[in-house]
Every structure is written in structure tokens, then in C-alpha cells.
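Structure, as C-alpha cells:
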Amino acid sequence: MAYNAIVYRILIASPGDVDAERKLIPELIYKWNASYSVSTNVVLLPVKWETHAVPEMGGRPQAIINKQLVHSCDILIGTFWTRLGTHTGVADSGTLEEIQEFAQQGKPVALFFSSQVVQPDRVDWDQYRKLTEYKGRFKQAGLIGEYSTLEEYEELVNRTLHGFVQTLLAPTMQAKDQQNTNDELRENKQNLRRQQIIWRNLRSTDPYSHPSKARRIFKDYEQLLLDLRVKIEGTAFEGLAQQVDGWMSKIAGLLEYRVNMADRNSLVQFWSDADTLVEEISATVQQV
């Protein structure tokens, strides 16, 4: 079944010595989509220059990659082992330039560094020295991930994907929660308005009847106000909570009110207090 989803493009950035990791990340992303895309309405799309960039003349190769891919991606996952990469004319490597582009745009970046064993005769020590210097800088600028096996790398990437989605969806979820709260408050206000109408109908048809009829209405009022009290916590209307507590206290008093049927004044006082409370609740709640 078709469904609407937000698509986030994940740029896979790395030098050429972490081929296994570059192949693993898309697999992890596709597994994440299979498990969570329907429930979150999010689809993650892996992007690599070797699969997504197209031939184009008229600029530095890395500048073209930036234009075609980097600027349109939402998340960057960078991985290093022994190499930093090749100088681009602007930065010490293409991966670094991509990281810098992301940082300038304030987009999320996750960096991972491998400590897997490597044969010394396969290491470019100048590259390794530069990588070590940048690793130190990255540690000062944020939190990096370190791993010694592909299994550890897989766990780190999976956690990162979940963290990125939660962070990126946070504003949307907050807006959705706020809309749900507003809808609930609107429904609660409508129910309180209906209670006011029920009350006024009772007062117009039987103005000084036995309080038992009024108490049934106030029992419903009590539940509606309790619902309202819960819904306004943590919202812009939380200042109303103290008034709601006061109304509920007055309702409790009315529910326990003992009317002396031989003393008409006590009956009149009951209905007067009840009328005042109903009108106060209605006038205040309609302003919410």
C-alpha cells in the first residue's frame, strides 16, 4: 500500500581505503527502511558519488560533486581508517571538503574512525599523519565514533540512523503533538459549552428543583474539568490550571451541599452559587 513519507538523503563520505564500510552503509540503510519507514513515514536514501554523480565539465571535480550531491543531501556519514584522501585544491581531501560544506550549512555529520589492524607496508604514513591531526581536531569539535570490527561499525551506524531520524523529526513531531493538543482542547471546550447549555435548560425549565438534578450535571463538569486539567499541563495554557483546581474544589462543595428543603434560602443560595460557577467556567474557558 502506498504511503506518504519524508525522504532524507544520506551522503556516504570516505577516502578509498574503507571499501567494506562504503558497501555496508547502504545495506544498513535499506534494512532500516524495511523495518521503520512505514511506522515513521521516513525513507532514508544512501548517496555515493560513484552511483549518483554524473559526468559534467566546467569546474573542479569536487566542486561538481558538491553541486550535484553534497548541497542536496541532509545527513553525512564519514568514515576513515588510514587515509585522509586527495587534496581538492580547496581542502586536504574531498571527504574533508564535504564535511566542511555540511558544517557551514549546519547539517548533521557523523564521523567514524577505524582502528582495525593494517599491515605497515600498506600504510601511507604521510596520509596517516594528516588523518591523525584531523582526528584530534574532530574530537575537540564534537563526538566521534571509533570501531575495531565491522560488527561494531554496524552497531554504531544503526544507532546513528535512529538518532538522526529522531533529531530531524523532532520539530515535526512537536508540531503534530501541539496540533493534537489543540484539537483535544477544542473538543473539551465544546463539551464544556454543551454542559453550559444543559445547565441553562435546566434552570429555565425547573429553576428551583431539588439539587439532585444539578449534581448529575456537575459530576459531568467534574470529569470534563479533570480532562482539561491534564491536557493543559505543559502547554501555553498551563496558567489556567490553578483556576481549574479552584473550580473543581467548588464543584466538590456543591456536590456535598446539604439543602434544607424547609428553608428556601438555602435552596436559593445553592442555585446562585452553581449559576455563578457555571458562568465563570464558561467565560474563562472560551478564552483558551
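The values are calculated or read from the model by the stated rules, or taken from the named source; none is laboratory data. Here the structure is a predicted model, which means the values were calculated and not measured. Positions of Cβ are backbone-derived with ideal geometry, glycine not excepted, and every protein chain shown enters the neighbour counts.
Could you tell me which of the residues F138, F102 is of a type in the set (F, W, Y), surrounded by 20 or more Cβ atoms within 10 Å (Cβ to Cβ) and part of a helix (DSSP H, G or I)? Write out each step before concluding.
Working: F138 fails: surrounded by 20 or more Cβ atoms within 10 Å (Cβ to Cβ).
Of the residues listed, the single one that is of a type in the set (F, W, Y), surrounded by 20 or more Cβ atoms within 10 Å (Cβ to Cβ) and part of a helix (DSSP H, G or I) is F102.
Quick one: would you say S39 is surrounded by fewer than 16 Cβ atoms within 10 Å (Cβ to Cβ) and either within 30 Å of the chain's Cα centre (by Cα) or not aromatic (F, W, Y) (or both)?
Numbers: surrounded by fewer than 16 Cβ atoms within 10 Å (Cβ to Cβ): yes; either within 30 Å of the chain's Cα centre (by Cα) or not aromatic (F, W, Y) (or both): yes.
Yes.
When you go through Q190, Q178 one by one, which is the residue that is at pLDDT below 85, assigned to a helix (DSSP H, G or I) and either touching a strand residue (DSSP E or B) at 6+ places or on another chain (Cβ under 7 Å) or loosely packed, with under 15 Cβ neighbours inside 10 Å (or both)?
Numbers: Q190 fails: at pLDDT below 85.
The unique qualifying residue is Q178.
Of the conditions (1) modelled with pLDDT under 95; (2) in contact with a Ser or Thr (Cβ under 6 Å, 6 or more places away or on another chain); (3) under 22 Å from S148 (Cα atoms), Q62 satisfies every one except a single condition; which number is it?
With (1) modelled with pLDDT under 95; (2) in contact with a Ser or Thr (Cβ under 6 Å, 6 or more places away or on another chain); (3) under 22 Å from S148 (Cα atoms) applied to Q62, the lone miss is (3).
Across region 193-207, what is the total count of residues that are surrounded by 11 or more Cβ atoms within 10 Å (Cβ to Cβ) and not in a helix (DSSP H, G or I)?
Matching residues across region 193-207 total 1.
In a helix (DSSP H, G or I) and either in contact with a Cys (Cβ under 7 Å, 6 or more places away or on another chain) or in the same structural domain as K135 (by TED's automatic domain parsing) (or both): which single residue out of V43, V54, V38, V90 fits that description?
Details: V43 fails: in a helix (DSSP H, G or I); V54 fails: in a helix (DSSP H, G or I); V90 fails: in a helix (DSSP H, G or I).
Just one listed residue meets the conditions, V38.
Which residue is farthest from S272 (Cα to Cα), if the candidates are limited to region 228-252 and must be of a type outside the set (A, V, I, L, M) and in contact with an Asp or Glu (Cβ under 8 Å, 6 or more places away or on another chain)? Give the steps one after another, and end with the answer.
Keep residues of region 228-252 that are of a type outside the set (A, V, I, L, M), which gives 229, 231, 233-235, 237-239, 242-243, 245-247, 249-250.
From what is left, the residues that are in contact with an Asp or Glu (Cβ under 8 Å, 6 or more places away or on another chain) are 229, 231, 247, 250.
Details: R229: 25, K231: 29, W247: 15, K250: 13 Å.
In this case the residue turns out to be K231.
Determine if region 157-173 includes at least one residue that is in contact with a His (Cβ under 8 Å, 6 or more places away or on another chain) and either on the phi < 0 side of the Ramachandran plot or surrounded by 17 or more Cβ atoms within 10 Å (Cβ to Cβ) (or both).
So in region 157-173, the residues in contact with a His (Cβ under 8 Å, 6 or more places away or on another chain) come out as none.
Scanning region 157-173, I find no residue that is in contact with a His (Cβ under 8 Å, 6 or more places away or on another chain) and either on the phi < 0 side of the Ramachandran plot or surrounded by 17 or more Cβ atoms within 10 Å (Cβ to Cβ) (or both), so the answer is no.
Looking at region 57-66, which of the residues that are free of Cβ contacts under 8 Å to residues at least 24 places away in the same chain and assigned to a loop (DSSP other than H, G, I, E, B) is surrounded by the most Cβ atoms within 10 Å (Cβ to Cβ)?
G59
Of all residues in region 70-112, which are among the charged types (D, E, K, R) and closer than 27 Å to E155 by Cβ? Lay out the reasoning, then the answer.
Taking region 70-112 first, the residues among the charged types (D, E, K, R) are 74, 83, 92, 97-98, 101, 107.
Result: D74, R83, E98, K107.
Is it the case that V7 is out of contact with any Ser or Thr (no Cβ under 8 Å at 6 or more places or on another chain), over 22 Å from E155 (Cα atoms) and in a strand (DSSP E or B)? I'd like the intermediate steps shown before the answer.
Details: out of contact with any Ser or Thr (no Cβ under 8 Å at 6 or more places or on another chain): yes; over 22 Å from E155 (Cα atoms): yes; in a strand (DSSP E or B): yes.
Yes; evaluated as a whole, the condition is true for this residue.
Could you tell me how many of the residues in region 231-255 are modelled with pLDDT under 85 and surrounded by fewer than 12 Cβ atoms within 10 Å (Cβ to Cβ)?
The total comes to 5.
Looking at region 105-135, which of the residues that are of a type in the set (A, V, I, L, M, F, W, C) and out of contact with any helix residue (DSSP H, G or I) (no Cβ under 8 Å at 6 or more places or on another chain) is surrounded by the most Cβ atoms within 10 Å (Cβ to Cβ)?
Keep residues of region 105-135 that are of a type in the set (A, V, I, L, M, F, W, C), which gives 109-113, 117-118, 123, 125, 131.
With out of contact with any helix residue (DSSP H, G or I) (no Cβ under 8 Å at 6 or more places or on another chain) added as a condition, the list becomes 117-118, 123, 125, 131.
Numbers: V117: 6, V118: 13, V123: 14, W125: 9, L131: 23.
The residue in question is L131.
Inside region 67-87, can you point out the residues that are crowded, with 21+ Cβ neighbours inside 10 Å and outside any loop (DSSP other than H, G, I, E, B)?
V70, I75, L76, I77, G78, T79, F80, listed by residue number.
Condition first: part of a helix (DSSP H, G or I) and small (G, A, S). Now tell me which residues in region 234-254 satisfy that.
If we filter region 234-254 for residues that are part of a helix (DSSP H, G or I), which is where we start, we get 238-254.
If the condition is that a residue be part of a helix (DSSP H, G or I) and small (G, A, S), then G239, A241, G246, S249, A252, G253 are the ones that fit.
Could you please find all residues in region 10-35 being touching a residue at least 60 places away in the same chain (Cβ under 8 Å), part of a helix (DSSP H, G or I) and touching a Lys or Arg at 6+ places or on another chain (Cβ under 9 Å)?
Passing the criteria: only I25.
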